[in-house]
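The values are calculated or read from the model by the stated rules, or taken from the named source; none is laboratory data. The structure presented is a predicted model; accordingly, all values stated were derived computationally and were not measured. Methodologically, a virtual Cβ is constructed for each residue, glycine included, from the backbone with ideal geometry; neighbour enumeration extends over all protein chains shown.
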Amino acid sequence: MFRFLSLTGLLLLAYSFLVLPVHAQTLPPCGQGQANALADGDIDHYDLVCFTSIPDAYITTASNQTLLWIDRSVGANIDFALNCLAEGTVYVNARSACKRDLAPTDYISDIKYNRANWQFAHYGDGGWYGNVENYILNQGLRRIDGSALVPWTPNYNSFNIHNFQFSYLSVASNNTDIISSSGFFVDPPSSPNAYRDINDMVAFEANYPDTTFVYATTSLARTLSSTVSETFNTSMRQYATDNQIPLIDFADIGSHNPTGNPCLYNGFEALCADYTTETNGGHLVQGIALQRVARTMWLMMASLAGWNPNGSNPTPTPPPPSTTPIPLPGDNDHDQDRDVVDLWLLLSRFNTVYTPYNLLGTGLIDIFDFNFLVQYL
């Protein structure tokens, strides 16, 4: 059929299928214009320039806060990115997965970015409404255990900040129900007992008055953007603005390349090719993507700790200590240390499947768990 098209027509047809950045933006310096972190209620691509301006005192305060963020596979990418940022290795010694296609000038890693108090939970399966229900009911959640995801029931009271993000799969073009009359931003009267929408989230949050809840736009993929993703993320931004809720605008950050150019697919914001090796998906594997999402999390946490890049910054007040300690991997007797008693308990289950003592892998207590625990004795 293409033989009936002119050369110009063929070029226009090919162009229509590409994900390309459009006009360039001039990014303002930190503290000026839109680069003001949470002062305007959200973290977006303008704010990333502020990362290196965070004072050490606020980095320490942010590190001491306890964060639980709920996400899908991109959440695991963020978890890995935070580890890369905290390793403190110089560029030449950094793990290759931390610096894939990353220029040395764009690489930052320092042990001061200690994220030990920040935990990631995978919200399991069940569609977007199942993800909401799993979070609200604290069921079906999983955590990273070595290279596997294992069941986890986190103590919500032990985290003073929660963040929930939908996956790009939740806003794929075939998921029109998320923006429908029974979608996430609507309270369907026909389903009074279903936990699936923003009203259910608000009711859940009321049970934790001392917790700060941070909302987020969705992650994005290279070619799954559509009216669904655009409508949902626009609604999320407006809801956060109207209700004065802090927001991480992951969709905005992912759809702008490092120089500020927006990336589009069929006219809708899409993940830039700079951040993934995938043709259609949206997993963040490129070094520059890991740096950007890790810096985003630190900007959010520092801002919530009181840092303001466009105003006065008194010495931050550290948050009160949590009354419920974060679980320590390998502390099998739950006395907040790792000692020979813990090792004995581990050995008592050796070569059996026992998730509570499992440190690495999928549940089997083996030599890898033994070696992991021995390093702390």
Practice task
Only one of these is surrounded by fewer than 21 Cβ atoms within 10 Å (Cβ to Cβ), within 22 Å of Pro29 (Cα to Cα) and assigned by TED's automatic domain parsing to the domain that holds Ala86: Gly267, Gly254, Gly281, Gly260. Name it.
Solution key: Gly260
Problem - the range 238-263: number of residues that are under 17 Å from the mean Cα position of the chain (by Cα) and part of a helix (DSSP H, G or I) - result: 5
Exercise for the section: Return the only residue of Asn138, Asn157 being free of Cβ contacts under 8 Å to residues at least 24 places away in the same chain and out of contact with any Gly (no Cβ under 6 Å at 6 or more places or on another chain). Expected result: Asn138
Problem - Verdict on Tyr156 being at pLDDT 95 or above, surrounded by fewer than 17 Cβ atoms within 10 Å (Cβ to Cβ), aromatic (Phe, Trp, Tyr) and assigned by TED's automatic domain parsing to the domain that holds Cys30 - result: yes
Problem - Qualifying residue in the range 129-146 (condition: over 16 Å from the mean Cα position of the chain (by Cα), surrounded by fewer than 20 Cβ atoms within 10 Å (Cβ to Cβ), under 19 Å from Leu82 (Cβ atoms) and modelled with pLDDT of 95 or more) - result: no
Exercise for the section: State the number of residues belonging to the range 34-78 that are part of a strand (DSSP E or B) and more than 13 Å from the chain's Cα centre (by Cα). Expected result: 1
Fill in the blank from the handout: Going through the range 206-226 in order, the residues found to be outside any strand (DSSP E or B) and of a type in the set (Phe, Trp, Tyr) are Tyr208
Exercise for the section: Have a look at Ala97, Ala81 and point out the one that is surrounded by fewer than 16 Cβ atoms within 10 Å (Cβ to Cβ) and in a helix (DSSP H, G or I). Expected result: Ala97
Handout entry: Inter-residue pairs, beta-carbon under 9 Å, first of a type in the set (D, E, K, R) and in the range 116-133, second surrounded by fewer than 22 Cβ atoms within 10 Å (Cβ to Cβ) and modelled with pLDDT of 90 or more, 6+ apart
Key = Asp125/Asn134; Asp125/Gly140; Glu133/Gln139; Glu133/Gly140; Glu133/Asp200
Exercise for the section: Among residues belonging to the range 327-348 that are in a loop (DSSP other than H, G, I, E, B) and under 16 Å from Asp366 (Cα atoms), point out the one that is modelled with the lowest pLDDT. Expected result: Pro329
Problem - Tally of residues being of a type in the set (Ser, Thr, Tyr) and within 15 Å of the chain's Cα centre (by Cα) across the range 149-169 - result: 2
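To keep it simple, each residue is scored yes or no on (1) part of a helix (DSSP H, G or I); (2) under 30 Å from Gly88 (Cα atoms).
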residue	(1), (2)
Ala116	no, yes
Ala121	no, yes
Asn134	yes, no
Thr153	no, no
Phe166	no, no
Completion exercise
The residue from Asp101, Asp42, Asp79, Asp106 that alone is in the same structural domain as Asn243 (by TED's automatic domain parsing) and in contact with a Leu (Cβ under 9 Å, 6 or more places away or on another chain) is Asp42
Problem - Residues being modelled with pLDDT under 85 and within 25 Å of Asn155 (Cα to Cα) - total across the range 288-324 - result: 8
